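Let me begin by presenting the structure, written as structure tokens, before commenting on it.
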Amino acid sequence: MHTAIQLILTSLQIGAVYILFSLGLTLIFGVMRIVNFAHGHLFAISALVVAYTVPLLAGWNLPALPAYLLGVVAAVAVTLVLGFLMYVFGFRYFQRDMVGSFILSIGLVLLLDGVFLKVFGGAVRPVPEILPGTVTILGAPVTAQRLALCVAAVIITALLYWAMTRTKLGKALRAVSIDHEAAMLQGVPYGRIAFAGFMIASALAALAGALIAPVTIVSPAIGADYLIKGFIAVIVGGLGSVPGAILGGLFVAAIETVGGFYFDATSATIAIFLLVIVVLLVRPKGLLGHG
Amino acid sequence: MDNLRLPYWALCTALALAVTFVVRDPYLASIVNLISIAALVAVSLRFVMLIGELNFATAAFMGLGAYAAGAATTILHWPFALALVFGGVVAAAISIVFGYITLRTRGPYFLLIGFAFTEAVRILYSKSMALGGTSGMVGIFPPVGFDAWMPSLIMAVAAVLIFALYVLERSDFGKILTAIRDNENVARTVGLNILLCKVACFAIASFAAGIAGGLHAFANNVISPGDFSFLVAAFALAYVKVGGEDNIVGPLVGTILLVTLGSFALGLGGQEHIFYGAAIILAVLLLPDGITGLARRGYQRLAARKGH
């Protein structure tokens with residue numbers, strides 16, 4: 001029982017980040033029909049900025065929590081600038097062109113890989129502990145930092161879900177992702193909505209990166225792992241579907257945790273891959289996919 | 001079957017082989033090997049693009065071919081030619097199973113599942129002790145007498161396979177493939193078994209990728225899981241895109257240009273990734289049809305002016 005609770009809690013912690021990550025991927029795909037491999041780099045630059053600024057601010061005798069919050073603001077700002085540049089100079093010209101946009105994103109991946117390595121160096125950098133201490137839930141210990149991460153992820157996901165179902169912008173985003181031409185006939189300004197979708201997805205990647213930075217070791221290559229898992233999550237859930245991304249993220253995290261506990265990390269990765277094959281055999285468009 | 005432009009092919013292959021006979025510097029020879037193998041991978045990638053799918057599993061099948069050829073040589077002590085063909089056959093056999101499952105999906109799903117497959121296969125090699133684990137497999141040597149002629153041999157094998165893929169593209173089978181790309185449902189109404197045609201196309205391309213992997217193993221004598229990451233497919237895509245995907249000449253032009261420039265940039269101490277990344281971004285933004293597309297447009301404009 002104790003083990004089960006511990007495993008569930010670990011899955012939720014990992015799943016929280018996967019969900020934020022795959023929500024961005026699924027949002028971009030839904031609105032613009034593009035597959036953005038450079039999404040992992042938006043995530044990575046945010047984590048890198050946090051890992052850079054927090055020790056710097058802590059050096060000026062700022063307490064850990066304000067230093068971290070300032071770091072998060074800086075990270076989100078930098079990521080949004082990068083996302084803006086990507087959209088304005090690149091993806092804007094490749095909307096609804098899956099092959100073209102994918103090739104562009106591969107180019108961006110290679111370019112940013114090189115640039116990050118030059119700017120930040122290859123070394124991993126630790127972030128000092130922000131919230132010390134551990135909390136016990138149903139007899140299973142969890143560090144306060146990881147608990148805060150989960151809570152933040154749940155709040156962000158709930159906010160996004162609310163925005164997608166209740167606000168005008170959210171409704172427009174969903175309309176565009178179901179049928180962009182019908183949406184345009186109803187007076188939805190497609191170009192502006194696509195831009196908004198891309199920036200929201202960038203912000204989600206930035207928040208995920210900033211949240212994961214204190215509980216992991218940050219290196220310029222941090223995005224690649226999450227990118228693979230995030231894409232598997234959206235394939236399982238169905239590209240373009242918001243509930244699908246949440247479901248897929250939890251699925252991948254659960255298999256990774258349980259498989260990693262009873263066997264090893266390699267078997268867990270292979271198991272995730274087999275899961276994808278099974279899902280595609282039964283439902284070629286993912287569990288909740290439609291279009 | 002229409003005109004195959006045989007004289008051009010014969011001339012270009014002869015020229016390419018002549019280059020390999022002249023090159024005696026080991027560094028230049030390694031670049032020539034790199035070009036031959038990369039060109040074969042790029043043409044294999046483009047062959048699946050005929051049905052409108054981006055095949056990121058190319059890297060996985062290249063790796064499977066390399067490891068199969070390597071295992072046949074170092075563990076089973078099979079002769080060189082047999083080991084090479086074995087690599088291609090293993091890649092094709094696995095691709096039939098993989099393709100039968102995954103080719104029911106299309107577009108982004110197929111692309112992403114290929115990407116995941118590449119990473120899963122790479123983890124398998126690095127965990128398999130028999131295949132050398134993370135450090136890879138060593139001692140995959142071609143027969144002793146062949147050493148000096150490896151660049152010519154690799155070029156010849158690559159040229160034969162590229163030509164075979166070209167013949168297939170121009171045949172009726174190739175027309176079925178482009179029909180599937182243009183509209184799968186119309187092709188189905190004529191009574192074609194779409195899934196079977198797609199799997200056949202995928203298996204043929206994977207055979208070529210497997211042979212390319214075997215050639216890579218024999219050219220370098222050492223293979224490791226890191227050689228077959230998804231970047232292999234990303235680079236191949238860069239060659240196809242920069243050269244132009246409309247014509248089989250495109251990937252060849254792209255490969256020769258980018259590999260040569262890339263080796264040069266590496267020699268200058270430049271960063272390979274930044275170079276390739278910038279090349280891909282500029283190519284998709286500025287040259288939507290690649291270099292061959294640009295050349296053809298220029299030629300047509302020139303011809304039109306002469307006509308007046």
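Structure above, values below:
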read-out	value
Residues within segment A:52-100 that are farther than 23 Å from residue A:29 by Cβ, of a type in the set (Phe, Trp, Tyr) and surrounded by 14 or more Cβ atoms within 10 Å (Cβ to Cβ), tallied	2
So residue B:95, is it touching a Pro at 6+ places or on another chain (Cβ under 6 Å) and more than 7 Å from chain A (Cβ to nearest Cβ)	no
Matching helices (runs of 4 or more DSSP H) fully within segment A:11-129 where at least 2 residues are away from chain B (no Cβ under 14 Å) and either over 30 Å from residue A:191 (Cβ atoms) or at pLDDT below 90 (or both)	A:39-59, A:64-89
Residue in segment B:286-303 that is under 20 Å from the mean Cα position of the chain (by Cα) and buried (at least 24 other Cβ atoms within 10 Å of the Cβ) present	yes
Filter result for the condition that a residue is away from every other protein chain (no Cβ under 14 Å) and closer than 18 Å to residue A:26 by Cβ, over A:152, A:194, A:233	A:194
One residue from A:108, A:85, A:117 being hydrophobic (A, V, I, L, M, F, W, C) and without any contact (Cβ under 8 Å) to a residue 40 or more places away in the chain	A:85
Filtered residue count, segment A:255-268, keeping only those that are touching a residue at least 60 places away in the same chain (Cβ under 8 Å) and touching a Leu at 6+ places or on another chain (Cβ under 8 Å)	3
Hits in segment B:108-153 - residues which are within 14 Å of chain A (Cβ to nearest Cβ), buried (at least 16 other Cβ atoms within 10 Å of the Cβ) and small (Gly, Ala, Ser)	B:114, B:116, B:120, B:126
Helices (runs of 4 or more DSSP H) lying entirely in segment A:179-250 (those with 3 or more residues that are within 24 Å of residue A:271 (Cβ to Cβ))	A:222-237
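Yes or no, residue by residue, for (1) touching a helix residue (DSSP H, G or I) at 6+ places or on another chain (Cβ under 7 Å); (2) within 14 Å of another protein chain (Cβ to nearest Cβ); (3) buried (at least 24 other Cβ atoms within 10 Å of the Cβ):
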{"position": "A:172", "(1), (2), (3)": "yes, no, no"}
{"position": "A:215", "(1), (2), (3)": "yes, no, no"}
{"position": "A:219", "(1), (2), (3)": "no, no, no"}
{"position": "A:225", "(1), (2), (3)": "no, yes, no"}
{"position": "A:239", "(1), (2), (3)": "yes, yes, yes"}
{"position": "A:246", "(1), (2), (3)": "yes, no, no"}
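The values are calculated or read from the model by the stated rules, or taken from the named source; none is laboratory data. A quick note: this is a predicted structure, and the numbers were derived from the prediction, not measured. Reconstructed Cβ throughout: ideal geometry from the backbone, glycine too, with neighbour counts over all protein chains shown.
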